[in-house]
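J.: One structure, as structure tokens, below. Some questions next.
Readers should treat all values here as calculations from the given coordinates under stated rules, not as data from a laboratory. This one's a predicted model, so the numbers in the text were calculated from it and none came from an experiment. No Cβ is skipped: glycine too gets one built from the backbone with ideal geometry, and neighbour counts run over all protein chains shown.
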Amino acid sequence: MVEQRPALKGLLEQIVEIPFHPLADSLLIDPTRTHDAPSEEFRTLRTRLNHMQSQQGLHTLVVTSPSPAEGKSFAAANFAIAQSQLAGSMTLLADFDFRRPIVHNMFNVERSPGLTDYLLGKVPLHEAMRKVQGTNLVVMPAGESVVNPLELLNLREVGQLLEDLPSLFNWVVLDSPPLLFAADANLLSTISDGTLLVVRIGHTTIDSITRAMQSLSHDNVVGIVVNGARRGELYSKYTYYHTYYTPGEDKDAEEQEREADN
Ligand SMILES: Nc1ncnc2c1ncn2[C@@H]1O[C@H](COP(=O)(O)OP(=O)(O)O)[C@@H](O)[C@H]1O
Ligand SMILES: [Mg+2]
């Protein structure tokens with residue numbers, strides 16, 4: 001971890017603790033059960049990104065995708081939880097999707113005070129965060145809704161925050177809006193160490209992946225999470241593409257799975 005900056009000294013001790021009581025359908029790994037390995041997929045993702053971290057300074061990670069509902073928040077939250085299960089790996093999950101924030105719902109906490117409230121100078125940083133009791137996980141909900149998300153993200157404070165946070169957190173995971181629908185994630189990627197792209201089988205098109213990649217002004221993509229794959233599906237590199245060209249390409253993975261089971 002980088003040397004602790006004076007500005008954030010003592011921050012962790014001031015953060016209010018919350019129990020882990022996620023919504024029943026939030027699909028979150030349990031961060032309090034450090035003895036349970038997270039699902040194989042998130043463990044693999046964790047291992048790969050930790051390997052990259054050991055090779056390059058990779059602490060702040062934007063999780064994004066081309067379009068809505070591809071699993072950005074799902075991947076960001078579970079990646080953050082999987083990281084926090086490692087001893088000594090303080091992890092922050094920050095909701096930078098001011099347009100459709102969801103982290104507070106997943107963790108069943110108030111949306112405010114949160115990130116926007118901090119950026120607008122309404123609360124000190126520690127009040128914008130909640131620490132999940134008995135874990136290495138801190139969540140920062142989005143905060144009050146704002147009319148001008150992009151303007152807020154352009155503030156110098158955002159860049160400063162992302163520079164400072166790694167002095168306290170091994171991983172800072174940023175949930176974000178879709179690349180093709182707002183400039184927010186692109187902007188965030190320029191001030192973060194890496195970008196993790198999520199695509200969803202049966203939902204994301206090749207064209208939107210191409211356009212999303214082209215939209216990034218700073219190419220720091222560290223990997224692509226293929227969400228909604230059936231186990232074993234990815235062993236064939238053609239299966240993924242094949243899914244697109246079969247009839248019913250608009251069906252989501254769950255529907256396809258149900259059909260496959262029938
Ligand atoms: N792998 C998955 N399996 C089952 N449901 C999923 C999966 N990934 C995402 N979902 C569900 O799909 C919906 C959209 O996911 P979300 O992470 O909110 O998307 P995004 O953040 O990209 O808009 C949510 O209801 C989420 O629980
Ligand atoms: Mg989301």
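J.: What number of residues within the stretch 64-89 satisfy the criterion of being within 12 Å of ligand 1 (Cβ to nearest atom), of a type in the set (S, T, Y) and surrounded by fewer than 24 Cβ atoms within 10 Å (Cβ to Cβ)? Lay out the reasoning, then the answer.
T.: Here is the first cut: in the stretch 64-89, the ones within 12 Å of ligand 1 (Cβ to nearest atom) are 64-79.
Filter once more, so that each one left must be of a type in the set (S, T, Y): 64-65, 67, 73.
Okay, now just the ones that are also surrounded by fewer than 24 Cβ atoms within 10 Å (Cβ to Cβ), so 67.
Here the count works out to 1.
So that you can scan it fast, the table gives a plain yes or no per residue for (1) within 16 Å of ligand 1 (Cβ to nearest atom); (2) crowded, with 22+ Cβ neighbours inside 10 Å; (3) under 18 Å from P66 (Cα atoms); (4) over 17 Å from the mean Cα position of the chain (by Cα):
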{"residue": "E144", "(1), (2), (3), (4)": "no, no, no, yes"}
{"residue": "E151", "(1), (2), (3), (4)": "no, no, no, yes"}
{"residue": "E157", "(1), (2), (3), (4)": "no, no, no, yes"}
{"residue": "L162", "(1), (2), (3), (4)": "no, no, no, no"}
{"residue": "L168", "(1), (2), (3), (4)": "no, no, no, yes"}
{"residue": "S176", "(1), (2), (3), (4)": "yes, yes, yes, no"}
{"residue": "L179", "(1), (2), (3), (4)": "yes, yes, yes, no"}
{"residue": "A182", "(1), (2), (3), (4)": "yes, no, yes, no"}
{"residue": "A185", "(1), (2), (3), (4)": "yes, yes, yes, no"}
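J.: Return the residues of the stretch 65-81 that are near ligand 2 (Cβ under 9 Å from one of its atoms) and in a loop (DSSP other than H, G, I, E, B); say none if nothing qualifies.
T.: The answer is S65, P68, A69, E70, G71.
J.: If a residue must be within 16 Å of A76 (Cβ to Cβ) and either over 17 Å from the mean Cα position of the chain (by Cα) or among the β-branched types (V, I, T) (or both), how many such residues does the stretch 110-132 contain?
T.: 1
J.: OK, next. Please find, among L92, L61, L27, L49, the residue that is within 16 Å of ligand 2 (Cβ to nearest atom) and either surrounded by 19 or more Cβ atoms within 10 Å (Cβ to Cβ) or assigned to a strand (DSSP E or B) (or both). Quick ask: steps written out before the conclusion?
T.: Working: L92 fails: within 16 Å of ligand 2 (Cβ to nearest atom); L27 fails: either surrounded by 19 or more Cβ atoms within 10 Å (Cβ to Cβ) or assigned to a strand (DSSP E or B) (or both); L49 fails: within 16 Å of ligand 2 (Cβ to nearest atom).
That would be L61, the only listed residue that is within 16 Å of ligand 2 (Cβ to nearest atom) and either surrounded by 19 or more Cβ atoms within 10 Å (Cβ to Cβ) or assigned to a strand (DSSP E or B) (or both).
J.: Then there is this: Filter the stretch 90-117 for residues that are away from ligand 1 (no atom under 13 Å from the Cβ) and either touching a strand residue (DSSP E or B) at 6+ places or on another chain (Cβ under 8 Å) or among the aliphatic types (A, V, I, L, M) (or both) and give the result.
T.: Selection gives M90, T91, L92, A94, F107, V109, G114, L115.
J.: Could you say which residue among H35, H104 is away from ligand 2 (no atom under 11 Å from the Cβ), of a type outside the set (S, T, N, Q) and part of a helix (DSSP H, G or I)?
T.: Only one candidate qualifies: H104.
J.: I've got another one for you. Can you say whether D117 is out of contact with any Cys (no Cβ under 8 Å at 6 or more places or on another chain), surrounded by 18 or more Cβ atoms within 10 Å (Cβ to Cβ), among the charged types (D, E, K, R) and not in a helix (DSSP H, G or I), as far as the supplied structure shows?
T.: no
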